Amino acid sequence: GETPPSFQIKLLRVLQEGEIMRVGGSRVIKVDNRVISATSKDLTSLVKEGLFRKDLFYRINVVRIEVPPLRKRPEDIPVLVQHFLEKLSAKNELKGRKLSPELVTHLSGLKWEGNVRELENLVEYLLVISPSKVVGMESLPPELKASVRTGNSFRRLNYEDARYAFERGFVEALFEETGGDIKQAA
């Protein structure tokens, strides 16, 4: 979505012809390629605006997988947190660290404007900043502590939060009723 027109032409040629020539090379090399591309841009709009080549768009737009932003799939957050915990614990030599269930639940309710990268950076921050084996709410940076529930006061729920809470409760009840049998629950 951000490639300059000169590169778009070259990429299209490689995809159509299946040939490349190395910089400074004198012979054409046949290649068999498959391309996986990703963008946060709306390529359809860019094509209409003339900022992205229509022929390249149709060449790469074979199987489209749209991944919604993290804020629209809070159920992925606990899984991602666990993945990042394992990865970043090894990187920072901090074995055996966990995030408290309360903290993971709180993270699932945040908006994540920075998407998965923001979540990964926060997990690393929490691991590095907290001396505790179980990282809790007290380790959150100040800007994220402001939205924590305290006493009897609750943050206002919006439609997405309410829908998520209902769906999660409904699915949990289904699993409990079916003894964890995914097929029966479905």
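The values are calculated or read from the model by the stated rules, or taken from the named source; none is laboratory data. All values reported here derive from a predicted model rather than from experimental measurement. Every residue, glycine among them, receives a Cβ derived from its backbone with ideal geometry; neighbour counts consider all protein chains shown. Remember, those area values only see protein heavy atoms, side chains included, never the ligands or the DNA or RNA. Shrake-Rupley method; radii C 1.70, N 1.55, O 1.52, S 1.80 Å.
Some notes on this structure:
- Cβ-placed point charges (K, R +1; D, E -1), dipole of the chain about Cα centre in debye, nearest 20: 720
- Unsatisfied cross-links (Cα-Cα over 27 Å) in the set LYS10/LYS41; LYS87/LYS183; LYS10/LYS111; LYS41/LYS72; LYS30/LYS54; LYS87/LYS145: LYS87/LYS183; LYS10/LYS111
- Neighbourhood net charge (12 Å Cβ-Cβ; Lys/Arg +1, Asp/Glu -1) for LEU127: +2
- Annotation note: GluC sites (Glu not before Pro) in region 1-48 located in DSSP loop regions with a Cβ neighbour count of at most 13 within 10 Å are GLU2.
- Estimated [θ] at 222 nm from DSSP helical runs (n ≥ 4, -39500 (n - 2.57)) normalised by residues in the chain, nearest 500: -14500 deg cm²/dmol
- Region 70-134 and region 1-28 have their alpha-carbon centroids 40 Å apart.
- The residue list LEU88, THR105, VAL134 was ranked by how far each Cα lies along the charge dipole of the chain toward its positive end, using unit charges on Cβ atoms, and LEU88 comes out on top.
- Here's the picture: charge each Lys and Arg Cβ at +1 and each Asp and Glu Cβ at -1 in region 1-80, and of GLY1, SER40, VAL28 the one pushed furthest to the positive end of that dipole is VAL28.
- For the chain, a Gaussian network of Cα nodes joined below 10 Å ranks VAL23, VAL134, VAL14 by mean-square fluctuation, and the top entry is VAL23.
- Ligands, DNA and RNA left out, the accessible area of the chain computed with a 1.4 Å probe is 55% carbon and sulfur.
- Among (1) 1.00; (2) 1.11; (3) 1.07, the entry that matches Rg/Rh (Cα atoms, Kirkwood Rh) as calculated here: (2)
- Taken per residue, the accessible surface of region 2-149 reaches 69 Å², heavy atoms only and a 1.4 Å probe.
- Under the simplified labelling scheme, the VAL28-GLU102 pair shows an inter-label distance of 6.8 nm, with each label point 7 Å from Cα along Cα→Cβ.
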